[in-house]
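Quick one: structure below, then a few questions.
The values are calculated or read from the model by the stated rules, or taken from the named source; none is laboratory data. What you are looking at is a predicted structure, and each value in this text was computed from that prediction instead of being measured. As a convention, Cβ positions derive from the backbone with ideal geometry for all residues, glycine included, and neighbour counts pool all protein chains shown. Accessible surface areas use protein heavy atoms only, side chains included; no ligands, DNA or RNA. Shrake-Rupley method; radii C 1.70, N 1.55, O 1.52, S 1.80 Å.
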Amino acid sequence: MKPMSTRIFLNLSLANLALLAALALQPSGVAAESTNKIRVLLVTGDDVTPAHNWAEVSQAIKETLASTGRFEVRVCEDAGVLDSAASLARYELIVLHYYNAKTPTLSDAAKENLVQFVKGGKGLAVSHLSSASFKEWEEFRRMCGRYWVMGKSGHGPRSVFKARIVDKEHPITKGLDDFEADDELYAKLLGDAAINVLVEADSDWSRKTEPLAFTLEYGKGRVFHEAFGHDGKAIRNPSVQKLIQRGCAWAATGKAE
């Protein structure tokens, strides 16, 4: 082989090797990018009424979070996943869209795992009727800040109503405007924990101003609670989506952006 041909051959070979090396490294790079996302466990799978299509709403929540590129969402239709502390350790945030109408309550181990998950510095997001879950468990009610009690809490007919931003300086709501929601306006939630109300609305049913989105500290962790989400349409309201995206980021990391 002539010297010039040898050099060309070597250059081509080195280029091919570099290309192969880059391709070999690509999956690792993708995995590294994935680990930078906020890892979310969305627990669902049961609700009190066929009017609450939990599969539809959970999909809307997943799409709302995933569309930002900031979240990696796993949906689990079995609250028994909370039995494994090792499984929970993979996540920064648990989103609960679940009311145990037909399924048993959590085991003692699952209850303790959820408490330690949040108290230890991670996040919990509570959606719509989820605060009615596990009615025998007082600590969960404290964790929710406000909670639904069957026969006491309620709402009027689904309607369009004005939701007002209360705390205009909180990272979740800063820069957001009042908006119209087409949803159930939850009212008469119980509880006396110290909460920071972010969004409120006036209920014709209770004739009171009701908190619809709020936060609270729980140990070293953070809880974001929003009462929106009767169906997928209610979740896909752009203002509600922004609220959920920011609220979940804040609960997981302490920062909304």
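In deg cm²/dmol, rounded to 500, what helix-only [θ] at 222 nm does the chain give when every DSSP H run of at least 4 residues adds -39500 (n - 2.57) and the total is split over its residues?
On the way: 7 runs with 89 residues, N = 257.
When only DSSP H runs of four or more count, the value is -11000 deg cm²/dmol.
Ranked from highest to lowest mean number of other Cβ atoms within 10 Å per residue, what is the order of the peptides 223-232, 201-210, 64-73? Intermediate values should be presented prior to the final figure.
Values: 223-232: 23.9, 201-210: 15.4, 64-73: 17.3.
Those peptides, ordered most packed to least, come out 223-232, 64-73, 201-210.
Let me ask another. Connecting C-alpha atoms closer than 10 Å in a GNM of the chain, tell me which of Ala213, Ala101, Ala86 has the biggest fluctuation.
Ala86
Pop out the ³J(HN,Hα) list for the stretch 152-157 in order, Karplus 6.51 cos²θ - 1.76 cosθ + 1.60 with θ = phi - 60°, rounded to Hz; leave Gly and Pro as x.
10, 7, x, 6, x, x
How much accessible area per residue does the chain have, counting only protein heavy atoms and a probe of 1.4 Å, in square angstrom?
Numbers: 12660 Å² over 257 residues.
Here the per-residue accessible area is 49 Å².
Further question: Residue farthest toward the positive end of the dipole of the chain, with Cβ of Lys/Arg at +1 and Asp/Glu at -1: which of Ala213, Ala163, Asn113?
Result: Asn113.
So if I place +1 on the C-beta of Lys and Arg and -1 on the C-beta of Asp and Glu, and nothing else carries charge, what would the dipole magnitude of the chain be about its Cα centre? I want it in debye, nearest 20. Could the numbers behind the result be given before it?
Values: 32 positive and 32 negative charges, 184 e Å.
Roughly 880 debye for the chain.
Answer rounded, prolate or oblate for the stretch 71-110, using the Cα gyration tensor with square roots of eigenvalues a ≥ b ≥ c: rounded when a/c is under 1.5, else prolate when a/b is larger than b/c, else oblate. Don't skip to the answer; put the middle values down first.
Values: a/c = 2.58, a/b = 1.34, b/c = 1.93.
Here the stretch 71-110 falls in the oblate category.
Further, regarding this structure: Test of understanding: what is the full-extension gain from Leu190 to Asn36, defined as 0.36 nm times their sequence separation minus their Cα-Cα distance? Spell out each step's value before the answer.
Details: separation 154, 0.36 × 154 = 55.44 nm, distance 3.73 nm.
So the chain would gain 51.7 nm between Leu190 and Asn36.
Provide the per-residue ³J(HN,Hα) series for the stretch 196-203, in order, calculated from phi with Karplus coefficients 6.51, -1.76, 1.60 and θ = phi - 60°, each as a whole number of Hz, with x at glycine and proline positions.
Per residue, the Karplus-derived 3J(HN,Hα) values read 10, 6, 9, 9, 9, 7, 8, 9 Hz.
Another one. Looking only at Leu198, Leu243, Leu190, which one moves most when the chain is put into a Gaussian network model with springs between Cα atoms under 10 Å?
Leu190
If you build the Cα gyration tensor of the chain and take the root of 5 times each eigenvalue, what three semi-axes come out, in whole angstrom, biggest first?
Working: eigenvalues 377, 89, 54 Å².
Semi-axes (√(5λ), whole Å): 43, 21, 16.
To continue, here is another question. Can you tell me which lysines have their Cα less than 30 Å from the Cα of Lys174? Leave out same-chain residues fewer than eight positions away.
Reachable lysines: Lys37, Lys62, Lys119, Lys122, Lys162, Lys188, Lys208, Lys220, Lys233, Lys242, Lys255.
As I understand it, the value is the acute angle between the Cα axis of helix 238-253 and the longest principal axis of the Cα atoms of the chain; what does it come to in degrees, rounded to 10?
Rounded to the nearest ten degrees, it is 70.
What whole-number distance in Å separates the alpha-carbon centres of the stretch 66-110 and the stretch 164-194?
24
Ok, one more. Short version: ³J(HN,Hα) in whole Hz for each residue of the stretch 117-125, in order, from phi by Karplus 6.51 cos²θ - 1.76 cosθ + 1.60 (θ = phi - 60°), x for Gly and Pro, what are they?
Per residue, the Karplus-derived 3J(HN,Hα) values read 4, 7, 4, x, x, 9, x, 10, 10 Hz.
Could you give the nm distance between label points at Ala89 and Arg158, where each point is 7 Å from its Cα heading toward the beta carbon?
Using points 7 Å along Cα→Cβ, the separation is 4.2 nm.
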